[in-house]
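Below is one structure, written out as structure tokens, with a few remarks after it.
The values are calculated or read from the model by the stated rules, or taken from the named source; none is laboratory data. All values reported here derive from a predicted model rather than from experimental measurement. As a convention, Cβ positions derive from the backbone with ideal geometry for all residues, glycine included, and neighbour counts pool all protein chains shown.
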């Protein structure tokens, strides 16, 4: 019986990952020379993904996500479409604006649009905040840590075996989002996994259908 | 629930008009004639190409699939690409399947109850009762081809579907296309080919999602 509280505590600790320590390179010069991983868009792109939603590892549904993202202006336009072609959600966001053009249940909640746009920007755009630290995580992975305007922390991580990842932590250091780019060669957006830690945890597995640079649009 | 309900209306509408395509519509402005002719249809199957157009897409998103129907109420609406998914209605049981990890798994976002409601509505359409469905107002226009236009009559569809246009070929007496307009720059065009009427369909088509 004594083992049960310990087990619960262990599960709790593992489920609430916190901001890890970064070991800085020995000399400041080495830290300055360290190149930050950048899995982010370099130009305006249109991406179409099949998005599989999972709760507790169980597949719930698959939808089509269309993203039009311009890193130079941080403009995002996005849509969620069913396989049958019905548009469930459509929104666009600039630097400080958010316009929802269409939102059918269950995508019509107040926070959904804001969270979705934030997730898209997390995946495709370089963080807006300043780099606070560069170095290595305890497991050896190279990392650059950004501090966002709202106090959140963003770690952009690259590891030879694990590939590239982005982790977003709250100002209190609680892990909120974990983005993994599963493809190390070819198009980095071929397979993306987003793990969200919310009131109920969920994950999205995004598989690229098509990607197209956008000129003069 | 409402979205799920409308999604299945969306799916079923497409199928319904494929079924009605081969009817003898010499007097097509006569809905009674459509009702009589619909009795002749026992099975139908067809290949389709779906083109989704909207402002965010520079070119239409193209999907491909196949449709099966056996009277009075068995459906299989299947997409092969870009996303494999299947809606099957069989013996008062309607399910949606999606591809995950190389196999087909049931969509767990619910809506089974909504699907039942929709299929009851669809049963009316299957009998050619266009002008008796309170959800849509139907009109028929004769020209080089025949065009049936449905416009939502109920507020529940407002903002979701603006209109549905079904084009029937006079020459081949089959449905050519269905266009579902959600808004002025957001529409879905489905073109049918290889339509086969009253050809035997293996019952496993409605039982096996693989």
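Note on region B:55-77: residues that are over 26 Å from residue A:208 (Cα atoms), surrounded by 15 or more Cβ atoms within 10 Å (Cβ to Cβ) and out of contact with any strand residue (DSSP E or B) (no Cβ under 6 Å at 6 or more places or on another chain) amount to 2.
Selection of region A:93-116 for residues being within 16 Å of residue A:69 (Cα to Cα) and buried (at least 19 other Cβ atoms within 10 Å of the Cβ) yields A:93, A:113, A:116. Check whether at least one residue in region A:125-134 is assigned to a strand (DSSP E or B) and either within 14 Å of chain B (Cβ to nearest Cβ) or crowded, with 16+ Cβ neighbours inside 10 Å (or both), and report yes or no. Yes, some residue in region A:125-134 is assigned to a strand (DSSP E or B) and either within 14 Å of chain B (Cβ to nearest Cβ) or crowded, with 16+ Cβ neighbours inside 10 Å (or both). Counting only residues that are surrounded by fewer than 21 Cβ atoms within 10 Å (Cβ to Cβ), in contact with a strand residue (DSSP E or B) (Cβ under 6 Å, 6 or more places away or on another chain) and within 9 Å of chain A (Cβ to nearest Cβ), region B:84-105 holds 3 of them. Checking each residue in region B:33-76 for being modelled with pLDDT under 90 and closer than 30 Å to residue A:91 by Cβ picks out only B:58. Residue check: is residue B:158 at pLDDT 65 or above, surrounded by 14 or more Cβ atoms within 10 Å (Cβ to Cβ) and either closer than 22 Å to residue B:191 by Cα or in contact with a strand residue (DSSP E or B) (Cβ under 9 Å, 6 or more places away or on another chain) (or both)? Taking the combined requirement at face value, the residue does not satisfy it. The set of residues in region A:58-101 being more than 20 Å from the chain's Cα centre (by Cα), modelled with pLDDT of 90 or more, within 12 Å of another protein chain (Cβ to nearest Cβ) and more than 23 Å from residue B:106 (Cβ to Cβ) consists of A:101 alone. Please determine whether any residue of region A:137-152 is within 14 Å of chain B (Cβ to nearest Cβ) and within 23 Å of residue A:191 (Cα to Cα). No, that holds for no residue.
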